[in-house]
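Report on one structure; see the data block that follows.
The values are calculated or read from the model by the stated rules, or taken from the named source; none is laboratory data. In this text, all values refer to a predicted model and were calculated from it rather than measured experimentally. No Cβ is skipped: glycine too gets one built from the backbone with ideal geometry, and neighbour counts run over all protein chains shown.
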Amino acid sequence: MSKYETPDYEVLIKEGEYEIRRYVDFFVVEYENENDPEIESGFGTLFKYISSDNRESKKISMTVPVIEEVTKKIKKMAFVVPGKFGEHIPVPNNSYLKVKKFDEGLFGAIQYSGFSNKSKELKMKKKLDIWIQKKGYKRQSNYMLAFYNAPFTPPMFRRNEIWVRIIGV
């Protein structure tokens, strides 16, 4: 079990590395910067925020996963806000950070280990798409990459996931 808080969800279907999950609402602080399409400064900016670079100068506990959303133009990176804050989340000082609600819903997920890279992510997205279609669902969002481990975690112990919002067909 992780020592870090994660968003609440219920597993509705599990088949090996695949899951259909129902997530409840949770909040994230999201980094989006058109001048940084590959989110080179994303993690550092989010880390400063949780280290007290917010209007309340409040330290915020680390959570997992760190979520990357891949859009057509840029990537976004988000930190899951600990549940204890409810809707009273410290406002970020950095203009590239925004507090957003991650709406409840159904998600297809695939889990994999090792280091993540574009080639592996593309392969996993294709596998996930095929599986969710076989289960009678249709993709409704961009893909999200979910990373659960610190950078120094050995590859065989790493937990990575790809999520996509889905609806029944």
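Summary table below
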| quantity | calculated |
| --- | --- |
| Failed item in (1) free of Cβ contacts under 8 Å to residues at least 60 places away in the same chain; (2) within 23 Å of Ile162 (Cβ to Cβ); (3) over 18 Å from the mean Cα position of the chain (by Cα), with Ile39 passing the rest | (3) |
| Any chance Asn93 is more than 29 Å from Gly168 (Cβ to Cβ), touching a helix residue (DSSP H, G or I) at 6+ places or on another chain (Cβ under 8 Å), surrounded by fewer than 19 Cβ atoms within 10 Å (Cβ to Cβ) and not β-branched (Val, Ile, Thr) | yes |
| Subset of the stretch 115-169 that is part of a loop (DSSP other than H, G, I, E, B), touching a Lys or Arg at 6+ places or on another chain (Cβ under 8 Å) and not hydroxyl-bearing (Ser, Thr, Tyr) - its residue that is nearest to Gly105 (Cα to Cα) | Gln140 |
| Test set (1) over 24 Å from Asp129 (Cβ atoms); (2) buried (at least 19 other Cβ atoms within 10 Å of the Cβ); (3) not acidic (Asp, Glu) - Lys59 fails condition number | (2) |
| In the stretch 140-169, residue surrounded by the fewest Cβ atoms within 10 Å (Cβ to Cβ) [restricted to those that are in contact with a Leu (Cβ under 9 Å, 6 or more places away or on another chain) and hydrophobic (A, V, I, L, M, F, W, C)] | Ile167 |
| Tabulated pairs, the stretch 123-134, first over 13 Å from Ile166 (Cβ atoms), second outside any helix (DSSP H, G or I) and of a type in the set (Asp, Glu), C-beta under 9 angstrom, 6+ apart or interchain | Met124/Glu17; Met124/Glu161; Lys127/Glu17 |
| Residue in the stretch 67-74 that is over 25 Å from Lys134 (Cα atoms), in contact with a strand residue (DSSP E or B) (Cβ under 9 Å, 6 or more places away or on another chain) and either modelled with pLDDT under 95 or assigned by TED's automatic domain parsing to the domain that holds Asn142 (or both) present | no |
| Members of the stretch 124-139 that are under 29 Å from Phe157 (Cβ atoms) and surrounded by fewer than 13 Cβ atoms within 10 Å (Cβ to Cβ) | Lys126, Ile130 |
| Pairs with Cβ under 7 Å, 6+ apart, first in the stretch 21-33 and within 21 Å of Ile166 (Cα to Cα), second β-branched (Val, Ile, Thr) and outside any loop (DSSP other than H, G, I, E, B) | Arg21/Val11; Phe26/Val80; Phe27/Val99; Val28/Ile67; Val28/Val80 |
